Amino acid sequence: MIKPFRPRRSVLYVPASNAKAMAKIAMLKADAIIFDLEDAVAPAVKDDAREALRSHFLAHSAGTAERIIRINGLSSPWGPEDLLAARACKPDAILLPKVEKPQDVTGVTEILEETDASEHIRLWAMIETPRGIINADEIAELGLRSTARLDCFVIGTNDIAKETGTHLTNGRALVGPWLMQILLCAKAGKLDVIDGVYNDFADLDGFAAECADAVRMGFDGKSLIHPSQIEIANAAFLPDARTIAEARSIVDAFAAPENSGKGVIALAGRMIERLHLEAAERLLAKIAAIGGN
Ligand code: COA
Ligand code: MG
């Protein structure tokens, strides 16, 4: 089954404890919002943040942006209550931090099933620990089982750097192999995969360069921490006009009567196969879903 495409170019974290930031959400053009109860919320205000989240979801119905709630780990003092609150909010997805094995996901799926949670609530998993990276393949396989609810990996680059001691310098060259490994596992499991954050939110040129890298690496989008990063990510992950025109010409060429039934054709001096047609059709469907953004 082909999952319906959801644009996830810009995925913005908003700490649920930050009333000013929460009030801004409706004005922002991010493809997805992650309401954070975990690392961006200090232990002393965890309960208040959960209450603020409940009030926000009661007061605001879903707009165009996908809504995801990041809960604390279930073994933390806040995790179980976060999960209950998140379930009641009926977001598009619940994001689980520090996922290290398939059971970290299936355990939550079981709780959701047992408590008759809305079937529309999906699960996203943070891959951000050495063990999580090593087991990313097994975890991503859950993406092939629709009952597991798993839709997306989000990479936690700051935690990876903290846990490994590996620096995020030089265009992230040192962590690059791990990022690509996580990406490969995600794609094998038919999951989307969102790149980590860029901490220096005042450096928009550096952010744009990292987005361009993320596009070439194959990521579906970028995690963001500040509204100033939204427009840049949206533009970076939108295919350019030349790529779109090329996709249209491939679809048109295969639709021509003389090419019907052919597996391979020549187009402007290049070999084009049916696999290129599939990619072109996917790209045009993506553009249609993103719409005028
Ligand atoms: N979402 C929505 N609005 C945000 C925002 C966010 N992530 N980050 C900042 N804003 C708002 C601010 O509230 C401020 O609003 P105002 O114009 O009404 O005053 C405006 O954007 C400008 O913010 P600015 O003053 O530049 O930044 P700041 O000092 O208020 O906040 C951070 C800086 C880093 C603390 C803040 O951006 C943040 O908390 N980001 C998310 C961090 C996070 O969730 N981390 C966890 C995952 S790594
Ligand atoms: Mg983290």
Quickly run through region 1-16 and pick out the residues that are assigned to a loop (DSSP other than H, G, I, E, B) and away from ligand 2 (no atom under 16 Å from the Cβ).
M1, I2, K3, P4, F5, R6, P7, R8, R9
If I filter region 164-173 for residues that are under 16 Å from K98 (Cα atoms), assigned by TED's automatic domain parsing to the domain that holds I134 and buried (at least 22 other Cβ atoms within 10 Å of the Cβ), do I get at least one hit?
no
Can you tell me which residues in region 18-41 are under 26 Å from K162 (Cα atoms) and surrounded by fewer than 22 Cβ atoms within 10 Å (Cβ to Cβ)?
N18, D39, A40
Only one residue in I133, I139 is within 23 Å of P7 (Cα to Cα), modelled with pLDDT of 95 or more and in a helix (DSSP H, G or I). Which one?
I139
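Listed here are the residues, each with its yes/no results for (1) out of contact with any helix residue (DSSP H, G or I) (no Cβ under 7 Å at 6 or more places or on another chain); (2) more than 23 Å from V197 (Cα to Cα).
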{"residue": "P4", "(1), (2)": "yes, yes"}
{"residue": "P15", "(1), (2)": "no, no"}
{"residue": "N18", "(1), (2)": "yes, no"}
{"residue": "M22", "(1), (2)": "no, no"}
{"residue": "A30", "(1), (2)": "no, no"}
{"residue": "V41", "(1), (2)": "no, no"}
{"residue": "E51", "(1), (2)": "yes, yes"}
{"residue": "S61", "(1), (2)": "yes, yes"}
{"residue": "A65", "(1), (2)": "yes, no"}
Would you be able to say whether some residue in region 54-70 is closer than 18 Å to L142 by Cβ and either within 22 Å of the chain's Cα centre (by Cα) or surrounded by fewer than 14 Cβ atoms within 10 Å (Cβ to Cβ) (or both)?
yes
Selected residue (criterion: nearest to ligand 1 (Cβ to nearest atom)) from residues of region 15-26 that are under 23 Å from the mean Cα position of the chain (by Cα), of a type in the set (A, V, I, L, M) and at pLDDT 95 or above
A21
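Conditions (1) without any contact (Cβ under 8 Å) to a residue 24 or more places away in the chain; (2) of a type in the set (D, E), marked per residue:
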site: A214; (1), (2): yes, no
site: M217; (1), (2): no, no
site: D220; (1), (2): no, yes
site: I232; (1), (2): no, no
site: P239; (1), (2): no, no
site: R242; (1), (2): yes, no
site: E246; (1), (2): no, yes
site: V251; (1), (2): no, no
site: P257; (1), (2): yes, no
Single unsatisfied condition, A40 versus (1) of a type outside the set (D, E); (2) more than 8 Å from ligand 1 (Cβ to nearest atom); (3) in a loop (DSSP other than H, G, I, E, B)
(2)
Strands (runs of 3 or more DSSP E) contained in region 199-293 and holding at least 2 residues more than 19 Å from the chain's Cα centre (by Cα), closer than 30 Å to D36 by Cβ and not assigned by TED's automatic domain parsing to the domain that holds C152
none
Set D92, D192, D159: member being charged (D, E, K, R) and within 16 Å of ligand 2 (Cβ to nearest atom)
D159
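Among the residues of region 100-108, is there at least one that is loosely packed, with under 15 Cβ neighbours inside 10 Å, more than 16 Å from ligand 2 (Cβ to nearest atom) and either of a type in the set (V, I, T) or assigned to a strand (DSSP E or B) (or both)? I'd like the intermediate steps shown before the answer.
So the first thing to find is which residues in region 100-108 are loosely packed, with under 15 Cβ neighbours inside 10 Å, and the list is 101, 103, 107.
Pick out the ones that are also more than 16 Å from ligand 2 (Cβ to nearest atom) and you get 101, 103, 107.
Those left that are additionally either of a type in the set (V, I, T) or assigned to a strand (DSSP E or B) (or both): none.
Within region 100-108, not a single residue is loosely packed, with under 15 Cβ neighbours inside 10 Å, more than 16 Å from ligand 2 (Cβ to nearest atom) and either of a type in the set (V, I, T) or assigned to a strand (DSSP E or B) (or both).
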Every residue in region 177-189 that is more than 16 Å from ligand 2 (Cβ to nearest atom), over 13 Å from the mean Cα position of the chain (by Cα) and in contact (Cβ under 8 Å) with a residue 24 or more places away in the chain, please.
M180, Q181, C185, A188, G189
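The values are calculated or read from the model by the stated rules, or taken from the named source; none is laboratory data. All of these numbers come straight from a predicted model, not from anything done at the bench. Glycine gets a Cβ as well: all are built from the backbone with ideal geometry, and neighbour counts include every protein chain shown.
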